[in-house]
Structures are given as C-alpha cells and as structure tokens.
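I'd like to ask some things about the structure below.
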Amino acid sequence: MTTLSALRSGIATNLATISGLRTSATVPDDVNPPIAVVAPQGITFDTSFARGLDTYEFNVLVIVGRVDERSAQNRLDGFCNPTGSSSIKTALESDKTLGGEAQNLRCTEMRNYSSLPVGELTYLAAEFAVTVYAT
C-alpha cells in the first residue's frame, strides 16, 4: 500500500529531470527559484472496490524569479509548454508509476499563472493539477 509521502517524493523525483529546476516534496519555509513545490490537495478513498484504488490530487506550484517581466514570463512559459525539455507536464508524466508507487499519473491542467508575493519579494508562478491513482 502506497503512502502520501511516497507519492510526493515520486512527483518531486520526476520534476527533478528538468535541468536547473529545484524541487521540493514538502512546502518549504523559503523559496529559491526556480522551484517546483509539491502540495497534496485531497484524496478520494475507495474509488474502486473496497480499498482497490484511491485517487490523489496534487498541486505543483512552479515559481520563477522576477528580475524583469519578460524574462520571468519566458522562463515560466517554458515550464508551461505541454512538451519539451523544460515542460512540467512531460517531466511529471515521465514515470507515471512514480517508481512503482502508483498505477497512473496525469497532469491535467496548468492554472493560476500570476504574480506571487512571498515576504517582501514578488515572484511569478503557475500551478499544475496532478491526479495520481494508487492502491
């Protein structure tokens, strides 16, 4: 039986395949962009046959530095592309079993592309919705 921690770690491992992107399987106290942060959003238990399958929902928050508007948006755009070497979707789905911890993983959408204030700094960020099916 899989654990929430194992799924978070597996997602972070998949994201670490993007060169230059830091990853965090837990919500950090401080951010050091570019970084992808994995945060659980919910679990639907018993999706199939009395403990046969659970559905896990995660948000992956990708944060980039905002030195200037254009370069920050270009950097974040690369992460938002559906394919390519810096694509979050491609990295997330590179191992849909998360090292054998899950049956399947899907990155279903990118949303909330916006400024993100953290302390006295403002970053640019986007969220990616991820669904994981596991027993």
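The values are calculated or read from the model by the stated rules, or taken from the named source; none is laboratory data. This one's a predicted model, so the numbers in the text were calculated from it and none came from an experiment. Quick reminder, even Gly has a Cβ in these numbers, built from the backbone with ideal geometry, and neighbours come from all protein chains shown.
Given the criteria of a type in the set (Lys, Arg) and within 16 Å of the chain's Cα centre (by Cα), does Arg22 qualify?
Judged against the criteria, Arg22 is a match.
Here are Val27, Val37: which of them is among the β-branched types (Val, Ile, Thr) and not in a strand (DSSP E or B)?
Val27
Report, by residue number, each residue of the range 85-135 that is over 24 Å from Gly52 (Cα atoms), part of a strand (DSSP E or B) and in contact (Cβ under 8 Å) with a residue 60 or more places away in the chain.
Scanning the range 85-135 gives Val118, Tyr123, Leu124, Ala125, Ala126, Glu127, Phe128.
Further question: Being in contact with a Leu (Cβ under 7 Å, 6 or more places away or on another chain) and not hydroxyl-bearing (Ser, Thr, Tyr) narrows it down to one residue among Val31, Val118, Val37; which is it?
Val37
Looking only at the range 1-24, count how many residues are in a loop (DSSP other than H, G, I, E, B) and either at pLDDT below 95 or touching a helix residue (DSSP H, G or I) at 6+ places or on another chain (Cβ under 7 Å) (or both).
Residues in the range 1-24 being in a loop (DSSP other than H, G, I, E, B) and either at pLDDT below 95 or touching a helix residue (DSSP H, G or I) at 6+ places or on another chain (Cβ under 7 Å) (or both): 5 in total.
Out of the range 1-15, which residues are more than 14 Å from Tyr133 (Cβ to Cβ) and exposed (fewer than 14 other Cβ atoms within 10 Å of the Cβ)?
Thr3, Ser5
Can you name every residue in the range 40-84 that is under 21 Å from Thr97 (Cβ atoms), small (Gly, Ala, Ser) and either outside any strand (DSSP E or B) or in contact with a Cys (Cβ under 9 Å, 6 or more places away or on another chain) (or both)?
Gly52
Could you grab me the full set of residues in the range 56-95 that are surrounded by fewer than 17 Cβ atoms within 10 Å (Cβ to Cβ) and acidic (Asp, Glu)?
Hits for the range 56-95 are Glu57, Asp68, Glu69, Asp77, Glu93.
Just the residues that are among the polar types (S, T, N, Q) and either in contact (Cβ under 8 Å) with a residue 60 or more places away in the chain or within 15 Å of Asn112 (Cα to Cα) (or both), please, taken from the range 42-83.
Passing the criteria: Thr47, Thr55, Asn59, Gln73, Asn81.
Take the residues of the range 29-55 that are of a type in the set (A, V, I, L, M, F, W, C) and more than 18 Å from the chain's Cα centre (by Cα): which is surrounded by the fewest Cβ atoms within 10 Å (Cβ to Cβ)?
Result: Ala50.
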